[in-house]
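For reference, the structure discussed in these notes is given below.
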Amino acid sequence: MTTSSPSPDPQSTRRTGSFGRAEGFMERAFFATRWIAAPLYFGLTIGLLLVAFKFFQQLVGLVLKATGLDFDDVFVGVLDLIDLVLLANLLLIVMFSGYENFVSRLDIRSHEDYPSWIGHVTFGDIKIKLMASIVAMSAIHVLADFIRVDETSTRALEWSVGIHLAFVVSGVLMAIMDRIMEGSPDTHHADPAPQVAGKAGNDSGNGHH
């Protein structure tokens, strides 16, 4: 009986010689280009500071004018504050999850205030959370327009509702596409090899009796 010699590992043979070393260097350099995106995520902190500045600016203005405002104006002002908070949350999600998914893992997991969601948010989750935040902010604007319905034209109100519905439909379609992409056949069908091996073992065991 002849036994076939194991074939050489293509990965090991590919790395031999000067060409393999040059290829390895280029691949490491190419992989290191992900750090180009790191300053972009850090630059979003400036946007976060701007959102915080506008939040407190509107909050102070709302407090100073509170005595002369009716309920509808106060309600719209509070909705604007909530809109800015949602925008700040969206920035944090993109900053932390984007950095962890595309640049490098954050080595601060031992910190007592480390958010547990950072390590579990994938690229698909970022897209869904991004769209959900946009839908929520759009709903706030639609609600503000309905509160100011006497000051808003019918055409502007129709555009506001139409754009909001477009965001809702886009979010639903994005979630459906993400579910379809995650539900590939490989994840639903188990490898039949262990079952065959188990059956063969049972057959051999039955043959001994």
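From the list ASP107, ASP125, ASP150, ASP113, the one residue that fits, being closer than 20 Å to ALA88 by Cα, modelled with pLDDT under 85 and out of contact with any helix residue (DSSP H, G or I) (no Cβ under 8 Å at 6 or more places or on another chain), is ASP113. Annotation: of all residues in the range 19-37 being open to solvent by less than 50 Å² (accessible area, probe 1.4 Å) and in contact with a helix residue (DSSP H, G or I) (Cβ under 7 Å, 6 or more places away or on another chain), the one that is nearest to TYR99 (Cα to Cα) is ALA37. Pairs meeting the criteria (first residue in the range 107-118 and part of a loop (DSSP other than H, G, I, E, B), second residue among the aromatic types (Phe, Trp, Tyr), beta carbons under 7 Å, at least 6 apart or on different chains) are ILE108/TYR114.
Here ALA200, ALA136, ALA175, ALA156 are screened, and the one residue that is among the hydrophobic types (A, V, I, L, M, F, W, C) and modelled with pLDDT under 75 is ALA200. Would you point out the residue of the range 88-103, among those that are assigned to a helix (DSSP H, G or I) and out of contact with any Leu (no Cβ under 9 Å at 6 or more places or on another chain), that is farthest from GLY124 (Cα to Cα)? By that ranking, first place goes to ASN89. On the stretch given as the range 119-157, residues that are part of a loop (DSSP other than H, G, I, E, B), open to solvent by 80 Å² or more (accessible area, probe 1.4 Å) and either in contact (Cβ under 8 Å) with a residue 60 or more places away in the chain or over 21 Å from PHE75 (Cα atoms) (or both) total 1.
If I ask for residues that are free of Cβ contacts under 8 Å to residues at least 24 places away in the same chain and surrounded by fewer than 18 Cβ atoms within 10 Å (Cβ to Cβ), which ones from the range 75-95 would you list? Step through it out loud before you land on a result.
Of the range 75-95, the ones free of Cβ contacts under 8 Å to residues at least 24 places away in the same chain are 77-78.
Listed by number, the list holds a single entry, VAL78.
Residues ALA139, ALA88, ALA144: which one is small (Gly, Ala, Ser), in contact with an Asp or Glu (Cβ under 8 Å, 6 or more places away or on another chain) and on the phi < 0 side of the Ramachandran plot? The unique qualifying residue is ALA144.
Conditions tested, residue by residue: (1) of a type in the set (Gly, Ala, Ser); (2) at pLDDT below 90.
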| residue | (1), (2) |
| --- | --- |
| THR67 | no, yes |
| VAL85 | no, no |
| ALA88 | yes, no |
| VAL94 | no, yes |
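When the test is whether a residue is among the aromatic types (Phe, Trp, Tyr), assigned to a helix (DSSP H, G or I), farther than 26 Å from MET174 by Cβ and more than 25 Å from the chain's Cα centre (by Cα), PHE42 does not pass it.
The values are calculated or read from the model by the stated rules, or taken from the named source; none is laboratory data. It should be emphasised that the depicted structure is a prediction, and the values quoted were computed from it without experimental measurement. FYI the Cβ positions are ideal-geometry reconstructions off the backbone, even for glycines, and counts take in every protein chain you see. SASA here: full protein model, heavy atoms, side chains in, ligands and nucleic acids out. Shrake-Rupley method; radii C 1.70, N 1.55, O 1.52, S 1.80 Å.
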